[in-house]
Amino acid sequence: MQITRQADYALRAMYYLSKLEPSERAATSLIADEQRIPPSFLAKIISQLSIAGLIHTSRGARGGVSLARPPESISILEVVEAIDGPLTLNECTHSIEGCPFGENCPIRPVWCDAQSELAERLRNTSFAALGVAA
């Protein structure tokens, strides 16, 4: 399993925004430059994050992008799922119908447990916690 490049870029952009003061906005061109994200790609990502309610955008001379909520209330999982959709390690974790072994599959419980543990870790990691020693 590998998250998409788009989700990785979204995480970088959100991390950048999480380091701003609450009333501060950043220009997308600055985010793109400092986080090494292609500007055209970032525009699409910003749109998706805005639709998901994770960021606010405003146009004009005093416009820019800012977090919609405090960094401690936005999880890595929210961002990944806003870009890539629900976290899935294997098809069978969402629907057993695709597995020829069905309920008798010895591997499905391992996939389900691993997916649950990963989702929990990402859900419990906020942007405020990044960069803080555990």
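The values are calculated or read from the model by the stated rules, or taken from the named source; none is laboratory data. Values in this document were obtained by computation on a predicted structure and should not be read as measured data. With ideal geometry, Cβ positions are generated from the backbone for all residues, glycine too; neighbour counts draw on all protein chains shown.
I'd like to verify a number: residues in the stretch 1-17 that are surrounded by fewer than 18 Cβ atoms within 10 Å (Cβ to Cβ) and among the hydrophobic types (A, V, I, L, M, F, W, C), how many?
2
Quick check: anything in the stretch 61-69 closer than 15 Å to Phe127 by Cβ, touching a Pro at 6+ places or on another chain (Cβ under 6 Å) and hydroxyl-bearing (Ser, Thr, Tyr)?
Within the stretch 61-69, none of the residues are closer than 15 Å to Phe127 by Cβ, touching a Pro at 6+ places or on another chain (Cβ under 6 Å) and hydroxyl-bearing (Ser, Thr, Tyr).
Looking at the stretch 18-32 only, could you name the residues that are without any contact (Cβ under 8 Å) to a residue 60 or more places away in the chain, assigned to a helix (DSSP H, G or I) and surrounded by 15 or more Cβ atoms within 10 Å (Cβ to Cβ)?
Listed by number, the residues that qualify are Thr28, Ile31, Ala32.
Could you tell me how many of the residues in the stretch 33-55 are touching a strand residue (DSSP E or B) at 6+ places or on another chain (Cβ under 6 Å) and without any contact (Cβ under 8 Å) to a residue 24 or more places away in the chain?
Residues flagged as touching a strand residue (DSSP E or B) at 6+ places or on another chain (Cβ under 6 Å) and without any contact (Cβ under 8 Å) to a residue 24 or more places away in the chain within the stretch 33-55 amount to 1.
Just to be sure I understand, how many residues within the stretch 41-74 are of a type in the set (Lys, Arg) and touching a Lys or Arg at 6+ places or on another chain (Cβ under 9 Å)? Let's see the steps before the verdict.
Here is the first cut: in the stretch 41-74, the residues of a type in the set (Lys, Arg) are 44, 59, 62, 69.
Within this subset, residues satisfying the condition of being touching a Lys or Arg at 6+ places or on another chain (Cβ under 9 Å) are 62.
Final tally of qualifying residues: 1.
Looking only at the stretch 106-127, filter to residues that are within 14 Å of the chain's Cα centre (by Cα) and touching a residue at least 12 places away in the same chain (Cβ under 8 Å); which one of those is farthest from Ala68 (Cα to Cα)?
Of everything passing the filter in the stretch 106-127, Leu118 is farthest from Ala68 (Cα to Cα).
Residue-wise test of (1) part of a helix (DSSP H, G or I); (2) surrounded by 14 or more Cβ atoms within 10 Å (Cβ to Cβ).
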residue	(1), (2)
Glu34	yes, no
Ser40	yes, no
Ile45	yes, yes
Ala61	no, no
Glu72	yes, no
Val80	yes, yes
Leu87	no, yes
Glu103	yes, no
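Please tell me if Arg121 is loosely packed, with under 14 Cβ neighbours inside 10 Å and either at pLDDT below 95 or part of a loop (DSSP other than H, G, I, E, B) (or both). Step through it out loud before you land on a result.
Numbers: loosely packed, with under 14 Cβ neighbours inside 10 Å: yes; either at pLDDT below 95 or part of a loop (DSSP other than H, G, I, E, B) (or both): no.
Criteria not met by Arg121.
Report, ordered by the first and then the second residue, all pairs with beta carbons closer than 8 Å, sequence separation of six or more or different chains, a first member in the stretch 79-105 that is under 10 Å from Gln115 (Cβ atoms), and a second member that is polar (S, T, N, Q) and modelled with pLDDT of 80 or more.
Here the result reads Leu87/Gln115; Thr88/Gln115; Leu89/Gln115; Asn90/Gln115; Thr93/Gln115; His94/Thr88, each pair linking the stretch 79-105 to a residue that is polar (S, T, N, Q) and modelled with pLDDT of 80 or more.
Looking only at the stretch 1-17, count every residue that is assigned to a helix (DSSP H, G or I) and of a type in the set (S, T, N, Q) and tell me the total.
Residues of the stretch 1-17 assigned to a helix (DSSP H, G or I): 5-17.
Filter once more, so that each one left must be of a type in the set (S, T, N, Q): 6.
So the count comes out to 1.
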